[in-house]
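Down below is the structure, laid out as structure tokens.
The values are calculated or read from the model by the stated rules, or taken from the named source; none is laboratory data. Here the structure is a predicted model, which is why all the values come from computation and not from measurement. A quick note on method: Cβ atoms are made from the backbone with ideal geometry, for glycine too, and the neighbour counts reach across all protein chains shown.
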Amino acid sequence: MSLVATAVTDVLPVPTADRPVDVQALQLELDSVAACAAEARRLGVGLDIAVRDPRWPELVRFHRDLQDALFVETSPQIEGWFSSLRQGDAGRERLDRFAGNLANTASGASESTGELSVALAELLVFEAVRLRLCVAAWSSEDFERTGGHDAELDAVAWAEVDAILHDPELRSGGVRPLQLMFASAFVSLARNAHRRVDELRLTSEDVIEQLSTRARLRGALRELRLPEAVLLENALSNLLGEERVELADLQEAHPLALEGLSRQAMDQRVSRSRRQLGGGPKQWPRRRRPALFDLLRERT
């Protein structure tokens, strides 16, 4: 097992649940993902590209699962743990220490750190910055209304991670690299937004209206339960400017959302959710409990 995989599983909260976390399986999965990240690293492929590259399906799945995990309804235990972190309990110090060690490992500052540990740490830092950008960008419709897209979030996150992790001046004491990456990434995202706004001034009203419609639809989908959101996003792909995929492929790509559902059950959910979505916000199939996305956007 890589040192980072062990550290990640050690820092995870494991609340009482019917399906507790299988720590050993998680370590094995992280090591498999680390091998993919290390190979991409050797080939000079940035993580923003590698997490969408079919050459590394484990990496693609990991990236997609993390995004879906933002919208999984939390248990009362996780919600309570998150609330205690915001109040500054001892668990917060543990996470802050882990974040600092993770960034240090990802920087490759220690020659004794193995290749897999460095690659996995770098991936986790990238995903942390990327998810923070996602929460900020998706907390309103402005990002997508101006033409922003998910691949841009990946590119911004990787650009900042790659630049800051490998700057030797930032390895001195007192510097918190991860916090610096967050701040720098938000500045880059804001700069890109201003550029897109300038470009939109040169486009037609039809394009602006199309972007606004897609932004409203995506915003609505993010308020729904994860299975309905994934199914409806695919069913309404023509309105979102995306390609529709077969339900079997969709289920394989989004196990957190659709695992265990039959084809008939998925068809029925699509049909019912279409009607509910058209009936106004009060009838939407919303989450019954908050997801991590809901908890995190309260802080933005």
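A few remarks follow.
- Selection status of Leu211, out of contact with any strand residue (DSSP E or B) (no Cβ under 9 Å at 6 or more places or on another chain) and either modelled with pLDDT of 90 or more or over 25 Å from His63 (Cα atoms) (or both): yes
- The residue that is modelled with the highest pLDDT, counting only those in region 85-137 that are surrounded by fewer than 16 Cβ atoms within 10 Å (Cβ to Cβ) and basic (Lys, Arg), is Arg97.
- Any helices (runs of 4 or more DSSP H) falling wholly within region 208-297 and containing at least 3 residues that are out of contact with any Cys (no Cβ under 8 Å at 6 or more places or on another chain), in contact (Cβ under 8 Å) with a residue 24 or more places away in the chain and outside the structural domain of Arg52 (by TED's automatic domain parsing): 226-235, 255-258, 263-278, 292-297
- Against the conditions (1) part of a helix (DSSP H, G or I); (2) farther than 15 Å from Pro177 by Cβ, Gly147 satisfies every one except (1).
- Residues in region 50-72 that are part of a helix (DSSP H, G or I) and aromatic (Phe, Trp, Tyr): Phe62 only.
- Check on Asp65, within 22 Å of Val129 (Cβ to Cβ), surrounded by 14 or more Cβ atoms within 10 Å (Cβ to Cβ) and modelled with pLDDT under 95: yes
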